[in-house]
Amino acid sequence: MSNIWVVVEPANGALTTTSLELLTHARTLGGTVSAITWGGQGAALAAQAGEYGATTLHDAGDLGGALPGAPVAGAITGLIASAGAPDVILIPTSYDGRDIAGRLSAKLNTGVLTNVTGYSADGATEHPVFGGTQIVKARFTSGGPGIVVIRAKSFAAESAGGAPASVNSIASGDLGATNSAKIVASHVEERVGPKLEEAAVVVSGGRGLGEASAYALIEEAAKLLNGASGASRAIVDAGWVPYSKQVGQTGKTVKPTVYIACGISGATQHMVGMKGSKNIVAINKDADAPIFQIADFGIVGDVHKVLPALIEKLKSR
Amino acid sequence: MNIVVCVKQIPDPAAPASLDPTTHNLDRTGKLILDEADTYGVEMALQLVDKAGAGEVTVVSMGSSADLSGVRNALAMGAAKAIVVSDDSLRGTDALGTAKVLAAAIKRVNPDLVLCATESSDGYTGTVPVQVAEILGLPSVTFAKSVTVDGSTVKVDRQTDGGYDEVTSPLPAVVTVTAGVVEPRYASFKGIMAAKSKPVEELTAADLGLAGETGAAGAGQEITSVVAAEARAAGEKHTDEGDGADKIVAFLESIKVL
C-alpha cells in the first residue's frame with residue numbers, strides 16, 4: 001500500500017481523538033499518509049497531523065456554515081482528479097464522517113465499508129457482527145479507492161514525533177443544491193463530569209430502570225465515581241435520555257476501566273459498544289440476561305434496591 | 001407536501017440471526033418485519049403532511065423477498081401508497097447499489113422531502129440515505145432530533161457530539177431521523193384493514209434500468225470470511241441478599257477504582 005488518505009476532523013482548534021487513531025494506524029500500512037480536513041485552520045492543525053504521521057494536510061477551507069458532507073466529498077473528488085487516486089481513504093465513524101463517506105462513495109461510484117474495527121495492508125477490513133461475537137472480514141472488489149469508515153477506539157493514538165505536515169488548499173468545486181444545508185446555530189448541552197468516551201468509569205442504565213425518572217440514580221452513581229452516565233438504545237428510543245448518551249452499535253464506543261450496566265439485558269446492539277471495557281459490572285434481576293455472559297462481576301438483583309444502596313455506600317466514603 | 005419515507009423489511013431482531021455459510025449474506029428467509037427504526041420516519045412524515053394540510057406519504061422499499069407485511073405495516077400507520085423494488089437479483093446488493101435502486105424509485109414520486117432512519121437495524125451501514133441524496137443531487141441533513149417544515153425550507157435540530165446544531169435546508173431534501181424523535185403510532189384496526197387495499201407498485205431492478213448494478217455481482221465489496229471473535233469469559237455472579245452494593249464496592253476496590 002503506497003498512498004493512504006485519512007479524513008481528519010477538526011474540533012475546537014484540534015483534531016478529534018478518532019482522527020489521531022486513524023492517522024496512527026495509517027502509518028503501519030507501509031505508505032505515504034496524507035490527511036484531509038476542512039475549516040481553513042490547516043496551519044494550526046498541521047503540527048498535530050504531522051506529529052501523528054501525515055506528510056501533507058489538505059484543507060478544504062472554511063465551509064461557510066455548510067454541513068461538511070457534500071463540500072468535503074467534493075474537495076476529495078477534486079483532489080483525486082488532480083493528484084490521482086489513493087489506495088484507500090480512511091474516515092472516522094462520526095456524524096460528519098459518515099456523511100462524507102456516503103457522498104464520496106456515490107460521487108466516485110465505489111464501495112464503502114462501515115463499522116470497521118480493523119484494517120490491514122492487504123486491504124482486508126474487520127467488522128464485528130452479532131454483538132461482537134463474530135468478526136466479518138471483507139475487501140473491496142471494485143476499482144477506485146476503497147472508502148473505509150472506522151469506529152472510534154479501534155486503534156490507540158500514538159504520536160510518531162513527526163514534523164508538521166505541509167498544508168495544501170483544496171477546493172470543493174461546483175456542488176449545486178447538494179451543498180445547501182447550512183448550520184445556523186450551535187448548541188452545546190451542559191455536561192457534568194468527564195466525556196462519555198473518555199471517562200474511566202461509565203455507569204449505564206437500561207429498560208430495567210422501569211421509568212425515566214429512575215435515570216437520576218444512574219447520574220448520581222456516575223457522579224460519585226467521577227464517571228460518565230450512559231444508556232442503552234432502548235431508553236434512548238423511549239425518549240428518556242438524549243441520543244448523545246447512547247452506548248452501542250448505533251451510539252458511542254466506550255472502553256473505560258469499569259463499565260457498570262444497570263438494568264441492561266445485553267442486547268447485541270449494546271454489547272458492541274462496551275465489550276472492550278477493562279472490567280464489566282452488571283446488575284440485573286434476570287439471572288439469565290446475556291449481559292452476565294460478559295460481566296466480570298454480576299449481581300442478580302433489583303436495580304432499584306442495589307443502586308440506591310450503592311449510592312449510599314459511595315456517599316459515606 | 002409529498003413525502004417519501006424509505007423503509008426496510010428486516011428479519012425479526014428477536015429471532016437469532018445468522019449468516020449464510022457460503023454467500024455470507026444475512027439469512028432473510030424467515031419472517032420479515034418493518035424495521036422499528038423506520039417507524040419514526042413514517043410517523044414524522046404523517047405528522048408533517050398533516051400539518052401542511054395537503055399531500056401524502058409514500059413508502060419506498062427494496063428487498064429480495066416477496067413478503068410485504070412490513071410495508072403493509074407502514075401503510076396501516078397511514079402512508080397512502082408504496083413502491084417496492086423486489087426481485088431475487090437484489091440479494092447481496094451493497095449500500096451504493098441499494099441507494100441507486102431507492103433513488104430511481106424515489107424519482108418516480110418527485111417528493112418535497114425524503115425521510116429515512118439514520119441506519120437500518122440489521123445492516124447498519126448508515127450511508128444509504130446520503131448516497132441517495134448525492135445520486136438525486138439533493139442536500140441532506142442526517143441525525144435529526146427534530147424536524148419542522150416552513151414553506152420551502154426544512155429546519156432540523158441535528159445531533160452533534162456535544163449537543164445539537166440548528167440546520168436549515170431548502171426543499172427538496174433528504175433528512176435522516178434518530179429514534180425517539182416522535183412517538184410512532186400503533187396501526188389501528190381500521191388502518192390495518194385499509195392498508196390491504198392501498199396501492200403497492202411492485203418493480204424489479206430491471207424496470208428501473210439498474211440490472212447489473214445490483215446483487216452481489218454489482219457490489220463494490222465482498223465478505224471473505226467470518227470468524228469467531230475473541231470471547232470474553234463470564235466472571236463471578238452473586239445473587240443480591242441485601243449485600244449486593246457491598247460486593248460491588250469490594251469489587252471496585254479490588255480493581256482500584258475506589
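The values are calculated or read from the model by the stated rules, or taken from the named source; none is laboratory data. Computed from a predicted structure; not experimentally measured. Cβ atoms come from the backbone with ideal geometry, glycine included; neighbour counts cover every protein chain shown.
Working only within region A:216-233, note down all residues that are surrounded by fewer than 22 Cβ atoms within 10 Å (Cβ to Cβ) and either under 17 Å from B:GLY162 (Cβ atoms) or free of Cβ contacts under 8 Å to residues at least 40 places away in the same chain (or both).
A:ALA216, A:GLU219, A:LYS223, A:ASN226
Considering region B:181-192 alone, what residues qualify as being assigned to a loop (DSSP other than H, G, I, E, B) and farther than 16 Å from B:PHE143 by Cα?
Let us first name the residues in region B:181-192 that are assigned to a loop (DSSP other than H, G, I, E, B), namely B:181-188.
B:GLU183, B:PRO184, B:ARG185, B:TYR186, B:ALA187, B:SER188, listed by residue number.
Check whether at least one residue in region B:151-169 is within 7 Å of another protein chain (Cβ to nearest Cβ), surrounded by 14 or more Cβ atoms within 10 Å (Cβ to Cβ), in a loop (DSSP other than H, G, I, E, B) and not acidic (Asp, Glu), and report yes or no.
yes
Select the strands (runs of 3 or more DSSP E) contained entirely in region A:55-122, then report the ones holding at least 1 residues which are within 14 Å of chain B (Cβ to nearest Cβ). Please lay out each step first, then the result.
Working: elements: A:56-59, A:88-92, A:112-116.
Correct list: A:88-92, A:112-116.
May I ask you to list the residues in region B:122-148 that are surrounded by fewer than 20 Cβ atoms within 10 Å (Cβ to Cβ) and either part of a loop (DSSP other than H, G, I, E, B) or more than 8 Å from chain A (Cβ to nearest Cβ) (or both)?
The answer is B:ASP122, B:GLY123, B:TYR124, B:GLY137, B:SER146, B:THR148.
Can you report the number of residues in region B:224-258 which are among the charged types (D, E, K, R) and within 30 Å of A:ARG139 (Cβ to Cβ)?
Final tally of qualifying residues: 2.
Tell me, yes or no, whether region A:220-239 has at least one residue that is over 24 Å from B:GLY123 (Cβ atoms) and of a type in the set (Asp, Glu).
Yes, region A:220-239 has at least one match.
So, in region B:216-245, exactly how many residues are surrounded by fewer than 15 Cβ atoms within 10 Å (Cβ to Cβ), more than 7 Å from chain A (Cβ to nearest Cβ) and either over 24 Å from the mean Cα position of the chain (by Cα) or on the phi > 0 side of the Ramachandran plot (or both)?
5
On the basis of being more than 7 Å from chain A (Cβ to nearest Cβ) and buried (at least 16 other Cβ atoms within 10 Å of the Cβ), does B:GLU213 make the cut?
Values: more than 7 Å from chain A (Cβ to nearest Cβ): yes; buried (at least 16 other Cβ atoms within 10 Å of the Cβ): yes.
Considered against the rule, which asks whether it is more than 7 Å from chain A (Cβ to nearest Cβ) and buried (at least 16 other Cβ atoms within 10 Å of the Cβ), B:GLU213 comes out as yes.
Listed here are the residues, each with its yes/no results for (1) assigned to a loop (DSSP other than H, G, I, E, B); (2) of a type in the set (S, T, N, Q); (3) within 30 Å of B:PRO21 (Cα to Cα).
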{"residue": "B:VAL174", "(1), (2), (3)": "no, no, no"}
{"residue": "B:ALA179", "(1), (2), (3)": "yes, no, no"}
{"residue": "B:ALA194", "(1), (2), (3)": "no, no, no"}
{"residue": "B:LYS198", "(1), (2), (3)": "yes, no, no"}
{"residue": "B:ARG232", "(1), (2), (3)": "yes, no, yes"}
{"residue": "B:LYS247", "(1), (2), (3)": "no, no, no"}
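Only residues that are surrounded by fewer than 23 Cβ atoms within 10 Å (Cβ to Cβ), farther than 17 Å from A:THR93 by Cβ and facing another protein chain (nearest Cβ under 9 Å): list them for region A:259-284, please.
Correct list: A:ALA267, A:THR268, A:LYS278, A:ASN279.
For region A:81-101, which positions are buried (at least 24 other Cβ atoms within 10 Å of the Cβ) and without any contact (Cβ under 8 Å) to a residue 40 or more places away in the chain?
Within region A:81-101, just A:ASP99 meets the criteria.
Of all residues in region A:153-202, how many are assigned to a loop (DSSP other than H, G, I, E, B) and not small (Gly, Ala, Ser)? Spell out the reasoning first.
Going through region A:153-202, the residues assigned to a loop (DSSP other than H, G, I, E, B) turn out to be A:153-165, A:170-175, A:180-181, A:189-200.
Checking the rest, the ones that are also not small (Gly, Ala, Ser) come to A:153, A:155, A:158, A:164, A:170, A:174-175, A:189-192, A:194-198.
Going through region A:153-202 one residue at a time, the tally reaches 16.
Looking at (1) touching a residue at least 12 places away in the same chain (Cβ under 8 Å); (2) under 27 Å from the mean Cα position of the chain (by Cα), which is the only condition A:ASP237 fails?
Going through (1) touching a residue at least 12 places away in the same chain (Cβ under 8 Å); (2) under 27 Å from the mean Cα position of the chain (by Cα) one by one, A:ASP237 breaks only (1).
Just to be sure, is B:THR176 among the polar types (S, T, N, Q) and either facing chain A (nearest Cβ under 7 Å) or over 23 Å from A:THR250 (Cβ atoms) (or both)? Before you say what the answer is, go through the steps one by one.
Values: among the polar types (S, T, N, Q): yes; either facing chain A (nearest Cβ under 7 Å) or over 23 Å from A:THR250 (Cβ atoms) (or both): no.
So B:THR176 fails the test.
Among the residues of region A:41-53, is any part of a strand (DSSP E or B) and more than 19 Å from A:THR18 (Cβ to Cβ)?
Of region A:41-53, the ones part of a strand (DSSP E or B) are none.
The answer is no; no qualifying residue exists.
Please enumerate the residues belonging to region A:159-195 that are among the aliphatic types (A, V, I, L, M) and either under 17 Å from A:ALA47 (Cβ atoms) or at pLDDT below 95 (or both). If you could, list the steps in order and put the result at the bottom.
First, the residues of region A:159-195 that are among the aliphatic types (A, V, I, L, M): A:160, A:163, A:165, A:167, A:170-171, A:175, A:177, A:181, A:183-185, A:188, A:192.
Matches in region A:159-195: A:ALA160, A:ALA163, A:ALA165, A:VAL167, A:VAL188, A:VAL192.
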